[in-house]
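> Would you mind keeping the following structure in view while I ask a few things?
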Amino acid sequence: MLRIYAYAVETLKMLVPVLAAIAKHDLKLRDQTREAGASVVMNIAEGMGSRGRLRQARYNTALGSAREVVAGIDVAEAYGYVKAVDPEVRARMNRIIGTLVKLV
């Protein structure tokens with residue numbers, strides 16, 4: 001099992017309050033960001049059980065979803081839905097993205 005899988009799950013837990021704050025203003029943005037977060041974890045899991053091109057495709061999808069989570073946070077901050085998100089959350093998302101870049 002890749003260590004980044006458990007790390008991504010823990011990062012999702014840290015996003016729960018951010019998602020709750022976004023939901024007070026924009027349910028669609030909350031849903032899209034939440035689904036992207038789930039996609040990161042699920043595609044990492046699928047990739048771990050796959051081989052060859054399919055493995056790379058799953059990790060690539062997880063990478064795109066991780067970037068979408070960051071974009072959701074950026075949009076929420078830009079619109080004033082949330083104050084500056086905890087720097088640790090951003091750092092964790094950057095670590096997930098960096099790991100996925102190396103895997104694809």
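Please treat every number below as a calculation from the coordinates, not as lab data. Owing to the predicted nature of the structure, the values given are computational and were not obtained by experimental measurement. When we count neighbours, we look across all protein chains shown, and the Cβ atoms used for this are built from the backbone with ideal geometry, even at glycine.
> Here's a check for you: in the range 36-89, which residue that is among the hydroxyl-bearing types (Ser, Thr, Tyr) and not in a helix (DSSP H, G or I) is surrounded by the most Cβ atoms within 10 Å (Cβ to Cβ)?
If we take residues in the range 36-89 being among the hydroxyl-bearing types (Ser, Thr, Tyr) and not in a helix (DSSP H, G or I), then Tyr81 is surrounded by the most Cβ atoms within 10 Å (Cβ to Cβ).
> Then there is this: Restricting the range 22-35 to residues that are of a type in the set (Lys, Arg) and assigned to a helix (DSSP H, G or I), which is nearest to Lys83 (Cα to Cα)?
Taking the range 22-35 and keeping what is of a type in the set (Lys, Arg), we get 24, 28, 30, 34.
Still in the list and also assigned to a helix (DSSP H, G or I): 28, 30, 34.
On the way: Lys28: 19, Arg30: 15, Arg34: 18 Å.
Only one residue tops the list, namely Arg30.
> Here's another thing I want to ask about it. Could you tell me which numbered condition Val9 fails, if it satisfies all but one of (1) part of a helix (DSSP H, G or I); (2) over 13 Å from Thr99 (Cα atoms); (3) over 15 Å from the mean Cα position of the chain (by Cα); (4) not aromatic (Phe, Trp, Tyr)?
Of the numbered conditions (1) part of a helix (DSSP H, G or I); (2) over 13 Å from Thr99 (Cα atoms); (3) over 15 Å from the mean Cα position of the chain (by Cα); (4) not aromatic (Phe, Trp, Tyr), the odd one out for Val9 is (3).
> When the range 11-35 is examined, which residues are found to be surrounded by fewer than 13 Cβ atoms within 10 Å (Cβ to Cβ) and touching a residue at least 40 places away in the same chain (Cβ under 8 Å)?
Lys24
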